[in-house]
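The values are calculated or read from the model by the stated rules, or taken from the named source; none is laboratory data. Note that this is a predicted model, so its numbers are computed, not measured. Glycine gets a Cβ as well: all are built from the backbone with ideal geometry, and neighbour counts include every protein chain shown. Side chains are part of the model used for accessible areas, which takes the heavy atoms of the whole protein and leaves out ligands, DNA and RNA. Shrake-Rupley method; radii C 1.70, N 1.55, O 1.52, S 1.80 Å.
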Amino acid sequence: METEKLYYADPFLKEFTATVMDCQPLKSGFSVVLDRTAFYPEGGGQPADQGTLNGVCVIDVHEKNGVVFHNCEKPVEIGETVSGVIDWARRFDHMQQHSGEHILSGILCETFHCDNVGFHMGTDTITIDYNAEISWEQVLEAERRANDYIYADVPIEITFPSREALQTIDYRSKKELTGQVRIVRFPGADCCACCGTHVLRSGQVGLVKIFSSQKFREGVRMEILCGRRALEFLSKNWEQNRAVGQRLSVKAFETAAAVERLEAELNAAKARQTQLEDEVFASLAEQQTGKGDVILFQPPLRPDGVRKLADAVGKTCCGLAAVFAGEDGQYAYALVRSDGEDISPLVKALNAALHGRGGGRNGFAQGSVQSSRVEIEAFWKMAF
């Protein structure tokens with residue numbers, strides 16, 4: 001016997017009573033069947049409702065052959081009348097996301113003669129796949145039109161047309177349908193076969209915001225949020241941008257330009273740092289001319305800086321140049337022999353003695369050690 005689906009008659013129904021028809025144990029929890037339910041089962045890209053039955057948590061809901069199964073943490077008595085309570089915040093969020101997707105997809109599919117070929121309602125974001133190339137400017141225009149439709153507060157129409165009437169309706173569907181078809185119409189925006197729950201008027205969606213549009217297969221994949229979820233995301237984003245503006249001493253709408261200026265200043269400083277670093281390295285290398293095997297200790301340097309100094313010294317010292325940069329207990333190192341002689345045995349011994357890791361070939365190696373300067377110098381004396 002099929003379950004009476006109260007969520008179709010009234011998607012805003014938050015509480016209901018029903019009779020327990022069956023209760024069977026699962027690997028985890030119990031599967032409960034009611035004669036009627038307001039719990040929406042997972043389907044059409046929309047997650048299942050959650051809530052309680054007589055205070056027992058309903059953690060998942062699914063449908064098979066018209067029967068709705070409620071996965072509950074504890075059993076309920078067969079034949080008992082139970083009170084069901086829907087997690088309304090979760091349900092209304094799903095209704096906003098699903099309805100917003102309808103509005104946006106209807107506009108995009110009509111405008112670009114494409115299909116919605118994928119829809120996933122995640123906990124953080126909603127993704128929709130379209131089989132057409134759509135530019136970012138076109139995406140933003142579709143977003144504007146979708147929000148204009150929301151502001152118009154258009155009533156939503158949901159029907160179960162007869163087979164004959166269905167043949168006269170131009171509606172979207174991802175697959176070939178059999179049996180009774182449920183048509184969800186957003187007049188002027190979308191007409192689609194859909195089993196999900198939706199708002200009653202477009203204004204209840206609140207807003208639609210598209211966050212990204214990336215090339216995906218033969219079309220694009222968009223990330224969107226609707227309603228309260230979009231508002232909360234934008235609010236957090238605004239607060240973060242406002243905080244960035246305060247740090248940069250600019251207004252919130254001027255942060256991008258301020259960051260560009262900061263990047264230019266940073267790049268100039270890095271270029272100047274590299275120039276000064278090269279001059280210092282050249283001077284240090286000149287001081288080691290002809291000294292043979294040498295070891296140098298330096299304050300912390302960028303990994304590339306350790307290598308560059310070892311290269312410079314290796315060209316002048318006529319031996320092995322070893323550079324250790326860091327602070328006592330943690331050093332990055334680079335070893336260079338300008339003649340390319342194999343130093344892998346030395347590197348292996350160094351890593352073993354100084355708690356290091358790293359390697360290389362053709363007269364070059366780099367890595368790091370967790371040892372003091374005294375320990376490094378003692379190893380150096382022993383090795384040479």
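Listing for the model above:
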{"read-out": "Nearest 10 degrees, 0 to 90: helix 227-248 Cα axis against the chain principal axis", "value": "30"}
{"read-out": "Reference-scaled alpha-carbon Rg (2.2 N^0.38 Å with N residues) for the range 123-197", "value": "1.31"}
{"read-out": "Relative packing of peptides 162-170, 241-249, 352-360 - highest average C-beta neighbours within 10 Å first", "value": "352-360, 241-249, 162-170"}
{"read-out": "Order of exposure, largest accessible area first, which applies to Asp35, Asp342 with probe 1.4 Å", "value": "Asp342, Asp35"}
{"read-out": "Rg to Rh quotient for the range 245-312, alpha carbon positions, Kirkwood Rh", "value": "1.25"}
{"read-out": "Proximal aspartates and glutamates relative to Lys251, as straight alpha-carbon distance under 13 Å, when same-chain residues fewer than 8 apart are discounted", "value": "Glu239"}
{"read-out": "Straight-distance crosslink candidates among lysines, where the alpha carbon sits under 25 Å from Lys348 and sequence neighbours closer than 8 are dropped", "value": "Lys291, Lys308, Lys315, Lys381"}
{"read-out": "Size of electric dipole in the chain: Cβ of Lys, Arg +1 and of Asp, Glu -1, about Cα centre, debye, nearest 20", "value": "740"}
{"read-out": "Nearest-ten-degree value, helix 303-317 long axis tilted from longest Cα axis of the chain", "value": "20"}
{"read-out": "Long-range HN-HN contacts of Gly359 with modeled amide H, under 5 Å", "value": "Gln366"}
{"read-out": "The chain: angle of helix 88-112 to the longest principal axis, Cα-based, in degrees nearest 10", "value": "80"}
{"read-out": "Stretch gain in nm, segment Glu239-Asp278, where the contour uses 0.36 nm per residue and the Cα spacing is subtracted", "value": "9.8 nm"}
{"read-out": "DSSP beta bridge pairing in the chain, given as percent antiparallel to the nearest 5", "value": "90"}
{"read-out": "Listed residues Cys109, Cys23, Cys317, most fluctuating in the chain (Gaussian network, C-alpha, under 10 Å)", "value": "Cys317"}
{"read-out": "Accessible area of Met222 in the full protein assembly, 1.4 Å probe (Å², nearest 10)", "value": "0"}
{"read-out": "Charge-dipole axis of the range 35-145 as Lys and Arg at +1 and Asp and Glu at -1 on Cβ define it, positive-most pick from Leu140, Val61, Phe112", "value": "Val61"}
{"read-out": "Surface accessible to a 1.4 Å probe, per residue, for the residues of the range 184-303, Å²", "value": "61"}
{"read-out": "Value of relative contact order over the chain, rounded to a whole percent, pairs C-alpha under 8 Å and six or more apart", "value": "10"}
{"read-out": "Solvent-free Debye scattering, log10 I(q)/I(0), computed from the Cα coordinates of the chain at q = 0.06, 0.10, 0.14 Å⁻¹", "value": "-0.50, -0.78, -1.11"}
{"read-out": "Sulfur and carbon atoms: percent of accessible area, the chain [1.4 Å]", "value": "51"}
{"read-out": "Per-residue SASA entry for Lys74, accessible area with 1.4 Å probe, Å² rounded to 10", "value": "120"}
